[in-house]
Amino acid sequence: MSPVVPSLPPHVPRIRNRFWPWLCRGLLRLSGWRLRGEFPDIPKAIVIGAPHSTNWDGVWGLLMKVGLGIDISIMIKREVLDSPLGIILRPLGLIPIDRGSATDVVGQMAQRFARLERMWLGITPEGTRKKVAQWKSGFLRIARAADVPILPVFIDYPSRTFTLGAPVTLGADERDEDAMIRIRALFKGYRGKHHDVD
């Protein structure tokens with residue numbers, strides 16, 4: 001259950017940098033966070049991580065994805081990347097999103113998927129660190145528009161692990177409400193820092 005993966009499947013998008021993965025692997029070893037499961041050999045996917053209950057999820061998740069050498073694009077508020085932190089965060093695959101405008105985020109992400117040969121997009125389906133009764137459906141709409149599978153990643157603070165689930169394909173006639181129930185049920189039993197998923 002080492003955070004270091006010797007060889008990634010050939011179709012997984014990779015970071016073309018040696019320093020950042022080396023540094024992040026060292027920090028992960030010191031922190032005790034590790035990875036469970038195997039990566040699917042797919043070039044495109046929506047990666048959803050939950051339960052999301054603290055800003056630390058982003059810290060550990062970023063260290064994990066960079067330490068593994070995987071190029072997972074992550075949507076983040078534009079204000080964060082416009083700050084001095086942007087100098088560090090932009091090269092790590094973060095995509096600025098203006099949540100206050102009427103921009104078609106789903107369309108933009110679908111076009112990005114169509115344009116690139118390989119792309120994994122990371123999203124927190126809860127959309128907030130607070131415990132919520134319903135998840136936001138954006139990840140489902142992007143997955144449908146881009147015709148890509150959803151890869152669940154389960155965050156568990158008691159064991160300090162990120163666990164990879166099997167890719168989920170949305171049924172052509174499956175309602176979003178039914179797909180949401182099916183996917184959300186996969187996260188039961190995993191505990192975030194401050195809450196789990198009902």
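The values are calculated or read from the model by the stated rules, or taken from the named source; none is laboratory data. Note that this is a predicted model, so its numbers are computed, not measured. Don't worry about glycine lacking a Cβ; one is built from the backbone with ideal geometry, like all the others, and counts go over all protein chains shown. Ligands, DNA and RNA are stripped out before the accessible areas are found, and what is left, the full protein with its side chains, is counted by its heavy atoms. Shrake-Rupley method; radii C 1.70, N 1.55, O 1.52, S 1.80 Å.
Go over the candidates 80, 153 one by one and state the one that is outside any loop (DSSP other than H, G, I, E, B) and either in contact (Cβ under 8 Å) with a residue 24 or more places away in the chain or under 23 Å from residue 179 (Cα atoms) (or both).
When all the criteria are applied, what remains is 153.
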Open item on the list: Checking residue 63 against (1) within 26 Å of residue 188 (Cα to Cα); (2) of a type in the set (A, V, I, L, M); (3) not in a helix (DSSP H, G or I): exactly one of these is not met. Which one?
Closed with: (3)
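Just give me the residues in the range 6-33 being part of a helix (DSSP H, G or I), open to solvent by 40 Å² or more (accessible area, probe 1.4 Å) and without any contact (Cβ under 8 Å) to a residue 60 or more places away in the chain, in sequence order. It would help to see each step written out before you state the result.
In the first step, residues of the range 6-33 are kept if they are part of a helix (DSSP H, G or I); the result is 19-31.
Narrowing the set further to residues that are open to solvent by 40 Å² or more (accessible area, probe 1.4 Å) leaves 19-20, 22-23, 25, 27, 29-30.
Scanning the range 6-33 gives 19, 22, 23, 25, 27, 29, 30.
Kindly establish whether residue 38 is part of a helix (DSSP H, G or I), of a type in the set (Asp, Glu), open to solvent by 70 Å² or more (accessible area, probe 1.4 Å) and out of contact with any Cys (no Cβ under 6 Å at 6 or more places or on another chain). Working first, answer last.
Working: part of a helix (DSSP H, G or I): no; of a type in the set (Asp, Glu): yes; open to solvent by 70 Å² or more (accessible area, probe 1.4 Å): yes; out of contact with any Cys (no Cβ under 6 Å at 6 or more places or on another chain): yes.
Here the answer is no, as residue 38 does not meet what is asked.
What's the total number of residues in the range 45-60 that are open to solvent by 50 Å² or more (accessible area, probe 1.4 Å) and either touching a residue at least 12 places away in the same chain (Cβ under 8 Å) or assigned to a loop (DSSP other than H, G, I, E, B) (or both)? Give the steps one after another, and end with the answer.
As a first pass, look at the range 45-60 and keep what is open to solvent by 50 Å² or more (accessible area, probe 1.4 Å): 55-56, 59.
Filter once more, so that each one left must be either touching a residue at least 12 places away in the same chain (Cβ under 8 Å) or assigned to a loop (DSSP other than H, G, I, E, B) (or both): 55-56.
Total meeting the criteria: 2.
Only residues that are open to solvent by less than 70 Å² (accessible area, probe 1.4 Å) and among the aliphatic types (A, V, I, L, M): list them for the range 117-148, please.
Restricting attention to the range 117-148, the residues satisfying the condition of being open to solvent by less than 70 Å² (accessible area, probe 1.4 Å) are 119-128, 132, 135, 137-140, 142-143, 145-146, 148.
Once the filter is applied, which keeps residues that are open to solvent by less than 70 Å² (accessible area, probe 1.4 Å) and among the aliphatic types (A, V, I, L, M), the range 117-148 yields 119, 121, 123, 132, 140, 142, 143, 145, 146, 148.
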Open item on the list: For the range 80-116: of the residues being of a type in the set (D, E, K, R) and either closer than 15 Å to residue 70 by Cβ or at pLDDT below 75 (or both), which is most open to solvent (accessible area, probe 1.4 Å)?
Closed with: 99
